[in-house]
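Colleague: Please read through the structure below; I'll follow up with questions.
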Amino acid sequence: MADGKVAGEFKEIKNMKRILTGDRPTSDSFHLGNYVGSLANRVKLQDEYDAFILIADLHALTTHFDKTEDLEKNIRGLMLGYLSVGLDPKKVTFVLQSKVPEVLELAYFLGTLTPRAVLERQPALKEKLDQGEQDTFALFQYPVLMAADILLPKANLVPVGKDQKAHVEFARDVAIKFNNLYGEVFPLPESLIGDVPTLPGTDGQGKMSKSLNNAIFLTDSAEEVEKKVMSMYTDPKRIHPTDPGTVEGNPVFVYLDAFGTDADKPQTTNYKLLYSKGQVGDIEVKKYLVKILNNFLDPIRQRRDKLEKEPELVDRILKEGTAKARTEAQKTLAEVKKAMKLDYFV
Ligand code: ATP
Ligand code: MG
């Protein structure tokens, strides 16, 4: 019986550990850094865990409050990105953050347990301010909202890039504080960092970012990838192809290691050797990288092309996931209020 089967499946899911992770809709596509930092782990773990994936539009507002007209398009773009890298909507719950307003209520409660000094010390804030972002209250309290994102679905594991690790630790600390004060409500979340903790940008900057104009996107065409790679930062000290070059930390080689298949490994190793001896030019290695990246991106592009023809399906997946997440959120919030003895006058 269909009903019985659904109930059975749900029961099974209930015993699974939960993942919460998300992305800011600050662009309509993911980049290679998002992939190796977090998306790849999500795809890998979707069978073992009950995964909630959050499109964090409220977090996007911290830096993009003046670009709200792009959000709807970006949200759809990220949905296409998830599905095209192989996240399966039968296994994963996709959630639109602003449509689960319970998260703001929980964030408020968590804020009452958060010393101001802890937020002042967060490294991500300094970085954003150095990048010229405005010093708003929303940006300041980013970790508190992110802790609420994680704790609301009672997540156990948070697959993120290294830049987000401190935020997950903050969520864990505030969960410990809450549990100690009001009673055990939240499991303690842990971060899971991807194979490449921080993928550098094409400009050699520490981190590839959607908002830094140094990203290769999963939606870039083969020609765009070629253009970006051919003008990529490599080893600034190397002027001639005969100069010995630095392999370590050179983004070209970092990308080769991250996106080459096992079959590519011997050739990559060979290029590293030649490069360090000054026996191969940047152009040849870059051409090789273009091929590797396009091989990696081709199946993703093909899946996206197909999905783009089914916008209603993609919207429905997000709406249904959000509705499910909201039900879960309301359950947690009721528990939170009971634990806090705020369940009066209801
Ligand atoms: P923005 O510049 O708007 O903050 P972003 O590129 O940092 O965008 P986010 O949506 O903030 O992307 O992050 C989504 C996920 O990708 C997070 O788990 C984050 O840690 C991870 N991530 C982002 N950039 C990188 C990177 N360069 N290397 C590894 N992981 C990354
Ligand atoms: Mg970011």
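The values are calculated or read from the model by the stated rules, or taken from the named source; none is laboratory data. Keep in mind the model is a prediction, meaning the values are calculated, not measured. Every residue, glycine as well, gets a Cβ built from its backbone with ideal geometry; the counts of neighbours run over all protein chains shown. Accessible surface areas use protein heavy atoms only, side chains included; no ligands, DNA or RNA. Shrake-Rupley method; radii C 1.70, N 1.55, O 1.52, S 1.80 Å.
Colleague: Can you tell me which of (1) among the hydroxyl-bearing types (Ser, Thr, Tyr); (2) open to solvent by less than 40 Å² (accessible area, probe 1.4 Å); (3) farther than 18 Å from VAL160 by Cβ is the one TYR82 doesn't meet?
Modeller: (3)
Colleague: Next question, about the same structure. Working only within segment 164-181, note down all residues that are within 16 Å of ligand 1 (Cβ to nearest atom) and either open to solvent by less than 20 Å² (accessible area, probe 1.4 Å) or in contact with a Gly (Cβ under 8 Å, 6 or more places away or on another chain) (or both).
Modeller: HIS167, VAL168, ALA171
Colleague: Name the single residue, out of those in segment 28-41 being more than 9 Å from the chain's Cα centre (by Cα) and more than 7 Å from ligand 1 (Cβ to nearest atom), that is farthest from ILE193 (Cα to Cα).
Modeller: In this case the residue turns out to be ASP28.
Colleague: Out of ASP47, ASP66, which single residue is under 21 Å from THR136 (Cα atoms), open to solvent by 10 Å² or more (accessible area, probe 1.4 Å) and either outside any strand (DSSP E or B) or of a type in the set (Gly, Ala, Ser) (or both)? Steps first, answer last, please.
Modeller: Values: ASP47 fails: under 21 Å from THR136 (Cα atoms).
Among ASP47, ASP66, only ASP66 is under 21 Å from THR136 (Cα atoms), open to solvent by 10 Å² or more (accessible area, probe 1.4 Å) and either outside any strand (DSSP E or B) or of a type in the set (Gly, Ala, Ser) (or both).
Colleague: Of the numbered conditions (1) farther than 25 Å from LYS309 by Cα; (2) under 14 Å from the mean Cα position of the chain (by Cα), ALA56 satisfies every one except a single condition; which is it?
Modeller: With respect to (1) farther than 25 Å from LYS309 by Cα; (2) under 14 Å from the mean Cα position of the chain (by Cα), ALA56 is out only on (1).
Colleague: Examine segment 137-147 for a residue that is within 16 Å of ligand 1 (Cβ to nearest atom), open to solvent by less than 10 Å² (accessible area, probe 1.4 Å) and not hydrophobic (A, V, I, L, M, F, W, C), and state whether such a residue exists.
Modeller: Yes - at least one qualifying residue is present in segment 137-147.
Colleague: Got a sec? Which strands (runs of 3 or more DSSP E) wholly within segment 87-204 have at least 1 residues that are within 16 Å of ligand 2 (Cβ to nearest atom), touching a Ser or Thr at 6+ places or on another chain (Cβ under 7 Å) and of a type in the set (Val, Ile, Thr)?
Modeller: 157-160
Colleague: May I ask you to verify whether THR63 is away from ligand 2 (no atom under 14 Å from the Cβ) and among the polar types (S, T, N, Q)?
Modeller: no
Colleague: Let me ask something additional. Looking only at segment 135-155, decide whether some residue is of a type in the set (Gly, Ala, Ser) and more than 16 Å from the chain's Cα centre (by Cα).
Modeller: yes
Colleague: TYR108 is checked against (1) within 13 Å of ligand 1 (Cβ to nearest atom); (2) surrounded by fewer than 16 Cβ atoms within 10 Å (Cβ to Cβ); (3) hydroxyl-bearing (Ser, Thr, Tyr) and fails just one. What number does that condition carry?
Modeller: (1)
Colleague: Going through segment 223-242 one residue at a time, which ones are open to solvent by 60 Å² or more (accessible area, probe 1.4 Å) and among the hydrophobic types (A, V, I, L, M, F, W, C)?
Modeller: Result: MET230, ILE239.
Colleague: So if I check each of LYS272, LYS309, LYS286, which one is in contact with a Ser or Thr (Cβ under 9 Å, 6 or more places away or on another chain) and either free of Cβ contacts under 8 Å to residues at least 24 places away in the same chain or surrounded by 14 or more Cβ atoms within 10 Å (Cβ to Cβ) (or both)?
Modeller: LYS286
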